[in-house]
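Presented below is the structure to which this report refers.
The values are calculated or read from the model by the stated rules, or taken from the named source; none is laboratory data. Note that the structure is predicted; figures quoted are calculated from it, not measured. As a convention, Cβ positions derive from the backbone with ideal geometry for all residues, glycine included, and neighbour counts pool all protein chains shown. For accessibility, only protein heavy atoms count, side chains too; no ligands or nucleic acids. Shrake-Rupley method; radii C 1.70, N 1.55, O 1.52, S 1.80 Å.
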Amino acid sequence: MYNFTFHRPTTVRQAAGLLARNPDGKLLAGGHSLLPVMKQRLAQPSALVDLSLVEGMTGVELKGRSVVIGAMTRHADVANSQVLKDVMPGLAAVPGSIGDPQVRNRGTIGGSIANNDPNADYPAACLGLGATIITNKRRIAADDFFTGMFSTALEEGEIIVKISFPVAKKCAYEKFKHPASGFALVGVFVSKRGPDIRVAVTGAGSNGVFRVKSFEEALKKRFSPKSIEGMSIPATGMNADIHASPEYRAHLVAVLARRALAKANA
Amino acid sequence: MSATGIGASVRRKEDFRFITGQGQYTDDVTRPGETRAVFVRSPHAHAKIRSIDVSAAKKMPGVIDVLTGAQLATDKIGNLICGWMIHSKDGSPMKMAAHPALASGKVNCVGDAVAVVIAETIAQGKDAAEKVKVDYEVLPAVVDPAKAQAKGAPQIHPDIVNNTIYQWHLGEKKDVDAAFAAAKHVTRLDIVNNRLVPNAMEPRAALADYDAGTDNLTLWNTSQNPHVARLVISAFIGMAPEHKLRVIAPDVGGGFGSKIFIYPEEVVCLWASRKVKRPVKWTSDRSEAFLTDAHGRDHVTHAEMALDANGKILALRAKTIANLGAYMSTFSSSVPTYLYATLLSGQYNIPSIYCEVDAVYTNTAPVDAYRGAGRPEATFVVERLVEVAARQMGIDPADLRRRNFITAFPHQTPVIMAYDAGDYNASLKKALEIADVKGFAKRKREAARHGKLRGLGYSTYIEACGIAPSQAVGSLGAGVGLWESAEVRVNPTGSVEVLTGSHAHGQGHETTFAQLVSERLGIPFENVSIVHGDTDKVQFGMGTYGSRSGAVGMSAIVKALDKIEIKAKKVAAFMLEAAEGDIEFKDGKFTVAGTDKSAAFGDVALNAYIAHKFTGAELEPGLKETSFYDPTNFTFPAGCHICELDVDIETGKVDIVNWTAVDDFGTIINPMIVEGQVHGGIAQGVGQALMEGAVYDKNGQLVTGSMMDYTMPRAHDLPSFHVGLTETKAPSNPLGMKGCGEAGAIASPAAVINAITDAIGTENIAMPATASAVWTALQKSQAPKAA
Ligand SMILES: Cc1cc2nc3c(=O)[nH]c(=O)nc-3n(C[C@H](O)[C@H](O)[C@H](O)COP(=O)(O)OP(=O)(O)OC[C@H]3O[C@@H](n4cnc5c(N)ncnc54)[C@H](O)[C@@H]3O)c2cc1C
């Protein structure tokens, strides 16, 4: 790890100010994506702006017909939130599937989304529920937020403060774990909120999280695994590496979508 | 049986300190004025070094020195060596290339060390290491052993043609060819035994401390055999005379073979400590471990088995190419030869066997012994062939095995080994019962209703452990003897210290060895300490690998204890005023036969030291005895593992639902520890079969260089194991022990692959059989039907 200065602001404003003054600085949330790359000397931020003492950035709340989660809420706290388990257990299952207890007790939803790892779980939930990412500057629809592998619509110095998830009556996440890392080799989040049907896929695409419009279309008739029986998606655009071929990933998308649908209807 | 004697599941003494974080590992040892070594490593698999410029690095803060291979050569530090000579078919000796501790002129694998920075802190060392300028001329690389000998393949070491180290063979080719010509049935298989990264929990480390006052060097290192390390570093590398070098391997957190070997980093730390006159420490990080720990396996084999119409095996032949990596590691040459081909008879009566092995250099990390070392590769060849042959011939796989089992002992195989004891029918029978193989068909139908293809696979394995005797291994090329030493020191208060040449790095010797002493001397288990891992305390020893600590190491203790009894009886005779021949020793008490006159062990110990009851002319004071024990044969643990698993038809994911292991380890000292060894071994074997596999790309970059890409087995990947035992005593050592450390890893890969191929109806599938690989195989096999 290279040397850096360390800051601990207590408000979002202060944090934004510190970032402005340290153009090579980085926000620090749970540190579970950032610190490993710093330790390997692959990242060299001049300053870290730690968000852990910033007020108003944690907690899971039901606000009207949405669940609002503070960006600094740890994966374990989201997974165990009674509010969330009551209204949308399908979303609570997402952080419950992340890493191991250590990772879940440190990692945060804001950090995960800002990082947009192509194999991360939360992006599928955000896109699969049509969440809104609320920053210190604006509100960004999930459909516009994830712009590619490790890239998002966030601007320099922009801070995610909370994420708002509309409550869907039916939703579920099905994850096929990457054998080594435990991230999603493929993960599929499905939801139905009135007429709005979403099928979002993480892990598989070479461009990060994406929606499967053909499945969504087919599910309009009936939100059931039967409706997409025999359907598949093309292997083009899927990731290829030593762990899975594009064909296998494409195949898993269909399998997991059917399983997620069965779970959502259970 | 006492509560702490032989056969008791005593809790491990050493676990308190390990579990409470109070173990003393090499990295925990600190010396005043300690510096840190940071290695500059090659990012290329194969390149010429045009120049190395260390001037900028030397000026960095906290830097004490920056050293290179050129200085190593000037200081006449010798090359690392491989200590087992193998001769090719044509009689020529193996071709060992130079292996300097710091590369000079050329790098041959990613991670090859080209320079070392000695700095006050690791961070300063890393900053400086980035300033070392190495000008490389990158050369094409070869990583695949099957391509290393090809015409036009990159030439790795200048004088070693076709990258071929040796072309060795064993057995009678003529007999085998004749048997094949006459055979009714021939089964053929192409097998890749995948390359594994050992990943001991504690990474390798070294701390070297040069004492300018005495000219003594001390090395703390993560070694499975500190005495052999001292011998090699002294006699071959020429670091210091043996009596001026002390090697201490304190608590060591796992080795699995990878810590048997002498590595460049410990040599460099010793050399650097003498140069900078300060202690020098290096602890590998996980990324370095992936790149530089000696890997395991990596065989490419074509194997064939000839059978008659009744399923009787007539002959076996195999041609193997073994990848030894960029340099020959300490025992690398022996693994694909005498630890491999000699086990190709399995548990079967096979009249003739012929095996050819070519060992090759590639631009990859060195490959050497890894849990099982050669024997997992042999078992995989034999057990896959037997299983496939049975299926092709329509014979039940258990039955085909039974028809070919060796049932009379001793049995001389055509490949050197003389099996001395075993009962293969017994372990198969017991395993069939425990695994409820009778009920399998029903379970398979039930699984099919849930979209699962269920499969069953056997592995009736054999291994040769407790590698010995010295004369025999010497005749096969070993550079060392393979006996073990023990020194039993009885203190005046009757407590006992045992100094052993075995080395514990997870095996629980402090417990099992104490159980043996407690039982033999009739003294409390708590009164026994086991001392190991320090060349200043233990005179000499051969260390721990090849499941040898029980059969060889404990046998040495038995021999020393016998001598203790003889001497103690003499002391007791003087105390009890009786003839030496009338003294009986039982349950910790010396008694004059036929009387009630007796002395407790502790009293006799005290009298041995105060020496009031005898003169120096009559008896030497003290009670301490030593033994160097050389067994009469290898030991032959064997058994039967049965794996039952489900394949998810839609995803190819394999779930092991049932595992049965019935092993014959001879005498067992601590059943709980033995069971733990079996569990760990199976986990490693399942890891190899389903998950693990080191992958290099064609440029020689390690693609699986971290836990994010290299899959290690996790607890949830494994079922609860059903472990059973059968017992035939090993006749070659006084305890009748055979060894249990490697069995699980040797037996299990074949059981898993036999079960998967049974489930999906293919003949073969490569390891690791990941979900994606199984799914791909399912797409190719004839439309599988679940129901
Ligand atoms: C062993 C291990 C296993 C894991 N397994 C999984 C898994 O199975 N599934 C999965 O999805 N993830 C997994 N992760 C990743 C984990 O969930 C991380 O915690 C997460 O990706 C990043 O969150 P963090 O809070 O740790 O962020 P940090 O590492 O602190 O930050 C990540 C990035 O986001 C930026 N950032 C942080 N907070 C904000 C904010 N509020 N606004 C703007 N930018 C911000 C940081 O500057 C940094 O660039 C794993 C990680 C580890 C170490």
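Here are a few things to note about the model shown:
- Inter-probe distance in nm under a simple model that places probes 7 Å from Cα toward Cβ, at A:Val83 and B:Ile160: 6.5 nm
- For segment B:229-366, the residue among B:Val300, B:Ile350, B:Ile237 whose Cα projects farthest onto the positive side of the dipole built from Cβ charges is B:Ile237.
- Whole-percent carbon and sulfur share, accessible surface of chain B, 1.4 Å: 53 percent
- Highest average packing first - B:151-162, B:670-681, Cβ atoms within 10 Å: B:670-681, B:151-162
- Share of carbon and sulfur in the accessible heavy-atom surface of segment A:5-50 [1.4 Å probe, %]: 54 percent
- Between A:Ala153 and B:Val186, the distance separating the two model label sites (each 7 Å from Cα on the Cα→Cβ line) works out to 6.8 nm.
- Segment B:Glu172-B:Ser706, length gained on full extension (0.36 nm per residue, minus Cα span): 187.8 nm
- Between A:Leu27 and A:Val49, the built amide H atoms are under 5 Å apart, and every one of these is 5 or more places off in sequence or on another chain.
- The HN-Hα couplings worked out from phi for segment B:60-66 by the Karplus form 6.51 cos²θ - 1.76 cosθ + 1.60 (θ = phi - 60°) are 6, x, x, 8, 9, 6, 10 Hz, whole numbers, x standing for Gly and Pro.
- Of the DSSP H helices in chain B, those whose Cα atoms cover at least 20 Å axially and whose Kyte score averages -1.0 or more: B:375-393, B:555-576, B:671-686, B:743-760
- Mean separation of Cα pairs under 8 Å and 6 or more residues apart, divided by the residue count, gives chain B a relative contact order of 16 percent.
- The stretch between B:Asp75 and B:Lys58, if pulled fully straight at 0.36 nm per residue, gains 4.1 nm over its current Cα-Cα span.
- Taking amide hydrogens as placed 1.01 Å from N in the peptide plane, the amide H of B:Leu623 sits under 5 Å from those of B:Val490, each at least 5 positions away in sequence or on another chain.
- Computed over segment B:483-629, relative contact order equals 33 percent, with contacts defined as Cα pairs under 8 Å that lie 6+ residues apart.
- Those chymotrypsin sites (Phe, Trp or Tyr not before Pro) in segment B:517-618 that DSSP places in a loop and that have at most 16 other beta carbons within 10 Å: B:Phe540
- Distance from segment B:601-666 to segment B:495-534 (C-alpha centre basis), Å: 10 Å
- A simple spin-label model places pseudo-atoms 7 Å from Cα toward Cβ; at A:Leu62 and A:Asp196 they are separated by 1.9 nm.
- Cα gyration tensor category, rounded, prolate or oblate, for segment B:190-280 with a/c compared to 1.5: prolate
- Charge sum, other residues only, whose C-beta stays under 10 Å from B:Ala322's C-beta, Lys/Arg counted +1 and Asp/Glu -1: -2
- Centroid-to-centroid separation of segment B:148-207 and segment A:44-106 [C-alpha atoms, Å]: 52 Å
- Rounded to the nearest 0.05, the FRET efficiency derived from the C-beta distance between A:Lys226 and B:Glu433 at R0 = 56 Å is 0.80.
- If you take all other residues with their beta carbon under 13 Å from the beta carbon of A:Tyr122, and give Lys and Arg +1 and Asp and Glu -1, the sum is +1.
- Rg to Rh quotient for segment A:60-265, alpha carbon positions, Kirkwood Rh: 0.94
- FRET efficiency, B:Val531 to B:Leu476 (Cβ-Cβ, R0 41 Å, nearest 0.05): 0.80
- Excluding ligands, DNA and RNA and using a 1.4 Å probe, chains B and A jointly bury around 1700 Å² of accessible surface, summed across both partners.
- Straight-distance crosslink candidates among aspartates and glutamates, where the alpha carbon sits under 14 Å from A:Lys85 and sequence neighbours closer than 8 are dropped: A:Glu61, A:Asp77
- Over chain A, relative contact order from alpha-carbon pairs under 8 Å, at least 6 apart, %: 15 percent
- Chain B: C-alpha gyration tensor shape, a/c 1.5 cut-off, then a/b vs b/c: oblate
- A DSSP coil position with no more than 16 other Cβ atoms inside 10 Å describes the following trypsin sites (Lys or Arg not before Pro) in segment A:1-97: A:Arg41, A:Arg65.
- Taking the convex hull of Cα positions in the protein assembly as shown, its mean projected area over all directions (nm²): 47.3 nm²
- Less than 5 angstrom separates the built amide H of B:Val657 from those of B:Glu644, B:Leu645, B:Asp646, all sequence-distant by 5 or more or on a different chain.
- Segment A:116-151 and segment B:82-114: distance between their alpha carbon centers, rounded to Å: 53 Å
- Among the trypsin sites (Lys or Arg not before Pro) within segment B:155-254, those in coil by DSSP and having at most 16 neighbouring Cβ atoms inside 10 Å are B:Lys184.
- Linear extension gain, B:Ala212 paired with B:Ala448, 0.36 nm per residue minus alpha-carbon span: 77.7 nm
- DSSP beta bridges in the protein assembly as shown [antiparallel fraction, %, rounded to 5]: 80 percent
- With a cut-off of 14 Å between beta carbons, the residues surrounding A:Ile109 carry a summed charge of 0, where Lys and Arg count +1 and Asp and Glu -1.
- Direction-averaged projected area, Cα convex hull, segment A:121-224: 7.1 nm², rounded to one decimal.
- FRET efficiency, 1/(1 + (r/R0)^6) with R0 56 Å, evaluated for B:Thr30 and B:Thr632 via beta carbons: 0.80
- For B:Trp775, B:Trp483, the ranking by accessible surface with the largest value first comes to B:Trp483, B:Trp775, using a 1.4 Å probe.
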